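Since every read-out is calculated from the coordinates, none of them should be taken as a lab result. If you're wondering where the values come from, they're calculated on a predicted model, not measured in any experiment. Reconstructed Cβ throughout: ideal geometry from the backbone, glycine too, with neighbour counts over all protein chains shown.
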Amino acid sequence: MKKGLVIIDVQNDYFKGGNMELAGMENSSENCRFLLNSFREKKAPIFHIQHIAIGEGSNFFLPNTKGSEIHESVKPKEKEAVVVKHFPSAFRDTELNDLLQRSEVKELIVCGAMTHMCIDTTIRAAFDLGYTCTVIYDACAARDLEFEGRIVKASEVQTAFMASLKAVFAKVLTAKEFFKIE
């Protein structure tokens with residue numbers, strides 16, 4: 001089964017000083033970079049996903065800002081696909097599914113951010129479209145959330161979402177585990 005790497009929203013606003021800083025984004029982006037370099041060496045398909053916010057009230061990933069740019073750690077090369085999205089799912093109103101089909105990719109290796117939004121939504125959509133998915137746990141990042149007056153730490157958000165995805169929708173591996181089976 002042909003594999004493709006999908007790097008979701010590794011953009012400047014998620015890093016320190018950005019408008020939506022995530023916990024552990026530096027470490028997760030390093031693992032994204034390792035995956036990217038591995039796929040480049042194998043000349044395997046790579047798909048960069050870039051979120052550009054167009055919704056009213058958006059405060060990060062705003063069009064034509066430094067924050068919306070793909071982070072230097074995973075900067076696309078000239079021939080690598082960049083899919084721009086405006087919703088959490090990388091499939092909604094984008095050409096991603098067509099690009100994957102043209103590349104004959106059936107298995108997605110997914111990394112990036114935010115775990116509890118764009119990673120989760122994209123994996124579930126991919127599953128519904130018939131793709132086999134693997135999420136690289138330590139190449140994803142989340143942030144603290146609030147629910148009913150309680151703060152849910154980013155590490156707990158990450159764990160809960162990965163447990164949910166692993167139940168039905170995807171394999172969930174660390175980068176080290178992924179490279180062992182590659």
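Just give me the residues in the stretch 33-76 being assigned to a helix (DSSP H, G or I) and hydrophobic (A, V, I, L, M, F, W, C), in sequence order.
First, pick out the residues of the stretch 33-76 that are assigned to a helix (DSSP H, G or I): 33-42, 66-68, 72-74.
Within the stretch 33-76, F34, L35, L36, F39, V74 qualify.
Which residue pairs have Cβ atoms under 7 Å apart, sit 6 or more places apart or on different chains, and have a first residue in the stretch 72-86 that is in contact (Cβ under 8 Å) with a residue 40 or more places away in the chain and a second that is part of a helix (DSSP H, G or I) and surrounded by fewer than 18 Cβ atoms within 10 Å (Cβ to Cβ)?
Close Cβ pairs (under 7 Å, with a partner that is part of a helix (DSSP H, G or I) and surrounded by fewer than 18 Cβ atoms within 10 Å (Cβ to Cβ)) amount to S73/E30.
Just for strands (runs of 3 or more DSSP E) wholly inside the stretch 130-182: which have at least 1 residues that are of a type in the set (F, W, Y) and closer than 19 Å to G24 by Cβ?
In the stretch 130-182, 132-141 are the strands (runs of 3 or more DSSP E) which contain 1 or more residues that are of a type in the set (F, W, Y) and closer than 19 Å to G24 by Cβ.
In the stretch 40-78, how many residues are within 22 Å of I136 (Cβ to Cβ) and in contact with a Lys or Arg (Cβ under 8 Å, 6 or more places away or on another chain)?
Adding up the residues that qualify gives 10.
When the stretch 101-154 is examined, which residues are found to be out of contact with any helix residue (DSSP H, G or I) (no Cβ under 9 Å at 6 or more places or on another chain) and closer than 23 Å to E69 by Cα?
M117, C118, T121
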